[in-house]
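The structure appears below as structure tokens.
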Amino acid sequence: MMRKVELLTALLAITAASAMADADDPPSRVARLNFQSGSVSFRPGSVEEWAAATLNYPLTTGDHLWTDRGAQAEIHVGSIAIRMAPETAMSILNLDDHTVQLSVTQGSVNVHIRNLADDESFEVDSPNMAATLLRPGDYRIDADGDNNVTTVTVRAGDVEVTGAGAAFPVHARESARISGIDTVSQDIGPAPPPGDFDRWCDARERREQQAQISARYVPRDMVGYEDLDEYGVWREDAQYGWVWAPRTVAIGWAPYHYGRWAWVEPWGWTWIDEAPWGFAPFHYGRWAFGGGGWFWVPGRMVVGVRPVYAPALVAFVGGPRFGIGFAVGGGGVAAWFPLGPGEVYRPAYRVSEVYVRQVNIVHVTNVNVINVTNVRYVNQNVQGAVTAVPHEAFISARPVAQASFRVDAREVAQAQVVGTTAQVAPRRESVMAHAGPAVAAPPARYAERAVVARSTPPPPPVSFAAKQQALQANQGRPLEPQQMNTLRSNSPAPRPMVRTLAPAPVRGNPQSQPNMTPRPQLAPPGVPRIDRPNGPVERPADLQRVERPAVVQPRPQETRPVEQPRTERPAVMQPRPQETRPVEQPRTERPAVMQPRPPETRPVEQPRTE
């Protein structure tokens, strides 16, 4: 009972303080490159060079991706999947707690949106139009920048397209061809049959739908949850509740040992794990050792609360003489171990106290311990938990397993915890996080092509060269927003890559019926609606999730009743126009409520619960 009271007090404190969060706090979410085949290239927003894309690299505002001929890639932002076809140039114009804004100058992307809250927006911009995806659904955008043509296909959902002086809707099972630059024209018709790229996207989506076990214990907005079922097992621990462990690891394996460090702003030093499942367990939750192996403790399950991303949940150790025998050329040593359950993560980057509580709330029951400094870390003395490498290997993003060395247990026990980041400045190769031969880059006309936007994105990142000197003096911490603004004002203005469109009245589309599915309301990061403990208690039956079936496209001539999904707020039925076409709604994760069926219609198949 006391634990429940403490938890309720903590949650109420977070709710009351959420509106006071600092506007300079970093976003609570990132995008993750979770799948690639073929030659996929990556360019961070602060440099001009292209490098081979790295699995599990966290992507954020300003980053660029290119899939070469025959290549494909998949990116996740929470439960949203973004899939790239071959020869596609895409960049992230804006990614924060409320906005996803992409630029596609050439090629094809498929977007599957599982949930979209009222205060969230998703926009895809091309050289001649901006597409605002209005609700959960399946969308495809094809950009032919050479001919100033963009095609928007809606399998399920609704889109509002904005071009020069024009705005119009595109509804489910429709496809719109938008032509022109200064003046656009549109041609709306039935969506074409699925092609090879669509079938690949469907196969990837079916794989994700099978991740039903992990969805019982972690929110779907936790980036990387979809890989946990395939590569590990869940079990209930008497002390920590539901925990996860990888199935197959090397002998002597320890967390934060098989991967590399990269400099990713605004968070700074960031762990990039090499395992195909290596995202969620290294950016959320804590690690514990028991029964001869390591297991991951995700924390309490709080429904409706987006987990807050962290660059690496570790503690660094050091001291005047720590690792002195291994410091090659006097360059120093970086050493770290994973944080354990209940241990506070205090970021090295500048954040508000509200942010500190939000990033810890599902792991630390008593928020009053967040400012306690005399902490005994449970993993510091676990054999093999501490990983150490020379500073040069750390800075140059070398694979840690190849550069690490063993530290004597007595030296580890006496070492002092110095913070949650390495006190060493990054170099250019720290940002690239991948050393290797030259890679394919998009043709210059794609990379330099501007797009039009409905929403004005933030300015592009300051170049690494412009801030490198300031970073050298900052001892491994990212620059504060005020410093970045000063550097931006003193740097040459980059060539504009986005032209924001003036608002235009939306013209109706009498050929189709809009999808009026209500959008769910998602609580801000760290602000709960319902607390579902991940502890050693009886699991309620409602933890079972509903698997979303594949979208089936009916023929336009057939009229079928519209099935409305049930969201967390009561659905409001909108009046229908005289001419209607059937709309198949995207399924949500909760059981749907069937609407009354008109006579002489075919029944709509119900989703099957597990």
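The values are calculated or read from the model by the stated rules, or taken from the named source; none is laboratory data. As the structure is a prediction and not an experimental result, all values here were calculated from the model. Methodologically, a virtual Cβ is constructed for each residue, glycine included, from the backbone with ideal geometry; neighbour enumeration extends over all protein chains shown.
Counting residues in the stretch 87-101 that are crowded, with 21+ Cβ neighbours inside 10 Å and touching a helix residue (DSSP H, G or I) at 6+ places or on another chain (Cβ under 7 Å) gives one or more.
Yes or no: the stretch 107-118 includes at least one residue that is polar (S, T, N, Q), under 14 Å from Ser455 (Cα atoms) and not in a loop (DSSP other than H, G, I, E, B). Looking through the stretch 107-118, none of the residues is polar (S, T, N, Q), under 14 Å from Ser455 (Cα atoms) and not in a loop (DSSP other than H, G, I, E, B). For beta carbons closer than 8 Å, sequence separation of 6+ or different chains, a first residue in the stretch 398-413 that is of a type outside the set (Val, Ile, Thr) and a second that is at pLDDT 95 or above and surrounded by fewer than 16 Cβ atoms within 10 Å (Cβ to Cβ), the qualifying pairs are Pro399/Glu274. Only strands (runs of 3 or more DSSP E) whose full extent lies in the stretch 220-323 are considered here, and the ones with at least 3 residues that are over 22 Å from His76 (Cβ atoms) are 232-237, 241-246, 286-290, 293-297, 314-318. Taking each residue of the stretch 346-358 that is free of Cβ contacts under 8 Å to residues at least 40 places away in the same chain and in a helix (DSSP H, G or I) and looking for partners that are of a type in the set (D, E, K, R) and surrounded by 20 or more Cβ atoms within 10 Å (Cβ to Cβ) with beta-carbon atoms closer than 7 Å, six or more apart or interchain, yields nothing. Filtered by the rule that a residue be free of Cβ contacts under 8 Å to residues at least 24 places away in the same chain and hydrophobic (A, V, I, L, M, F, W, C), the stretch 213-248 gives Ile213, Val233, Trp234.
Scanning the stretch 298-314 turns up one or more residues that are of a type in the set (D, E, K, R) and modelled with pLDDT under 95.
Restricting the stretch 372-426 to residues that are closer than 24 Å to Gln469 by Cβ and in contact with a Leu (Cβ under 9 Å, 6 or more places away or on another chain) leaves a set whose member that is surrounded by the most Cβ atoms within 10 Å (Cβ to Cβ) is Pro426. Looking across the stretch 419-443, the residues that are over 24 Å from Leu339 (Cα atoms) and either part of a helix (DSSP H, G or I) or β-branched (Val, Ile, Thr) (or both) come down to Arg428, Glu429, Val431, Met432, Val439.
Within the set Val328, Val317, the sole residue that is of a type in the set (Val, Ile, Thr), closer than 16 Å to Thr387 by Cβ and either more than 20 Å from the chain's Cα centre (by Cα) or modelled with pLDDT of 90 or more (or both) turns out to be Val317. Mind checking which residues of the stretch 67-83 are in contact with a strand residue (DSSP E or B) (Cβ under 6 Å, 6 or more places away or on another chain) and free of Cβ contacts under 8 Å to residues at least 40 places away in the same chain? The answer is Ala71, and nothing else. Of all residues in the stretch 139-151, one or more are of a type in the set (Ser, Thr, Tyr), free of Cβ contacts under 8 Å to residues at least 60 places away in the same chain, closer than 21 Å to Ala504 by Cα and not in a loop (DSSP other than H, G, I, E, B). The single condition among (1) closer than 19 Å to Ala348 by Cβ; (2) at pLDDT below 85 that Val367 does not meet is (1).
Report whether or not Ala388 is touching a helix residue (DSSP H, G or I) at 6+ places or on another chain (Cβ under 9 Å) and not in a loop (DSSP other than H, G, I, E, B). It is true that Ala388 is touching a helix residue (DSSP H, G or I) at 6+ places or on another chain (Cβ under 9 Å) and not in a loop (DSSP other than H, G, I, E, B).
Being within 22 Å of Tyr284 (Cβ to Cβ) and either touching a strand residue (DSSP E or B) at 6+ places or on another chain (Cβ under 7 Å) or not in a strand (DSSP E or B) (or both) is a description that does not apply to Val170. Test Leu116 against the stated conditions and say whether it is in contact with a Pro (Cβ under 8 Å, 6 or more places away or on another chain), farther than 18 Å from Arg220 by Cβ, in contact (Cβ under 8 Å) with a residue 40 or more places away in the chain and of a type in the set (A, V, I, L, M). For Leu116, the condition - in contact with a Pro (Cβ under 8 Å, 6 or more places away or on another chain), farther than 18 Å from Arg220 by Cβ, in contact (Cβ under 8 Å) with a residue 40 or more places away in the chain and of a type in the set (A, V, I, L, M) - is not met.
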